[in-house]
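Student: Can you keep this structure in mind? I'll have questions shortly.
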Amino acid sequence: MSVSFRVDFVHGLQRHRMTRGGHAYDTERNVVDKSEIAALYRNACHASPRSRPTCAPRRVPVAVDVYVQRPLPMSRPKRCDGEDDTYKPDADNVAKLVLDALSGVAYEDDAQVVRVCVTKARRRRGVDEHMTVTIRRPDWGDR
């Protein structure tokens, strides 16, 4: 079984901030992004926010696929119809945001994630910025 949902933004996990007293805290954007991703997952599972959706049991392996699509900036010349997305956010920071957001929601702990695939598609004209996230049991037949 797999669950797929669309996130209408593309962000990476920002670094934690420190107070003058030395305490680390999460940025407001990280908190908002994580809660929105968790809510989208719950919605895709048809669960209410108060009830826990079908969370993968402890020690059950999980695979997470993230497909990132972003538009080509208007500043690019008209002759350019697409380019590789080698710009920020980094693929690993996108993965960290998604994995942290789904920890305790789609699976008990992100240590259960045995496979992560982040694909940043070519930036093209006429597409809107989004991420498609798929959580599933890993298929080891394709290695």
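The values are calculated or read from the model by the stated rules, or taken from the named source; none is laboratory data. Owing to the predicted nature of the structure, the values given are computational and were not obtained by experimental measurement. All Cβ positions, glycine included, derive from the backbone under ideal geometry; neighbour counts span all protein chains shown. Accessible surface is based on the protein model in full, side chains and every heavy atom, while ligands, DNA and RNA are left aside. Shrake-Rupley method; radii C 1.70, N 1.55, O 1.52, S 1.80 Å.
Student: What do you reckon, is Val98 touching a helix residue (DSSP H, G or I) at 6+ places or on another chain (Cβ under 7 Å), touching a residue at least 40 places away in the same chain (Cβ under 8 Å) and outside any loop (DSSP other than H, G, I, E, B)?
Tutor: Numbers: touching a helix residue (DSSP H, G or I) at 6+ places or on another chain (Cβ under 7 Å): yes; touching a residue at least 40 places away in the same chain (Cβ under 8 Å): yes; outside any loop (DSSP other than H, G, I, E, B): yes.
Yes.
Student: Read through the list (1) out of contact with any Lys or Arg (no Cβ under 8 Å at 6 or more places or on another chain); (2) within 14 Å of Lys34 (Cβ to Cβ), then give the number of the only condition that Arg79 fails.
Tutor: For Arg79, the exception is condition (2).
Student: As an exercise: evaluate Ser103 against (1) free of Cβ contacts under 8 Å to residues at least 40 places away in the same chain; (2) over 17 Å from the mean Cα position of the chain (by Cα) and give the number of the one condition it does not meet.
Tutor: Failed condition: (2).
Student: Additional query: Please specify each residue of region 4-17 satisfying the condition of being open to solvent by 20 Å² or more (accessible area, probe 1.4 Å), outside any loop (DSSP other than H, G, I, E, B) and in contact with a Phe, Trp or Tyr (Cβ under 8 Å, 6 or more places away or on another chain).
Tutor: Passing the criteria: only Arg17.
The rows are residues; the columns are (1) of a type in the set (Ser, Thr, Tyr); (2) over 22 Å from Thr27 (Cα atoms); (3) open to solvent by less than 30 Å² (accessible area, probe 1.4 Å).
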position	(1), (2), (3)
Met74	no, yes, no
Arg79	no, yes, no
Gly82	no, yes, yes
Tyr87	yes, no, no
Ala91	no, no, no
Lys96	no, no, no
Ala101	no, no, yes
Asp110	no, no, no
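Student: Same structure, new question: Only residues in region 20-35 that are within 15 Å of Leu99 (Cα to Cα) count as the first member; pair them with residues that are of a type in the set (Phe, Trp, Tyr), Cβ under 9 angstrom, at least 6 apart or cross-chain, and list the lot.
Tutor: Pairs found: Asp33/Phe9.
Student: Consider only pairs whose beta carbons are under 8 Å apart and that are at least six residues apart or on different chains; among these, list those whose first residue lies in region 44-63 and is under 16 Å from Val3 (Cα atoms) and assigned to a helix (DSSP H, G or I) and whose second residue is at pLDDT 60 or above and open to solvent by 30 Å² or more (accessible area, probe 1.4 Å).
Tutor: Note: pairs meeting the criteria are Ala44/Ser4.
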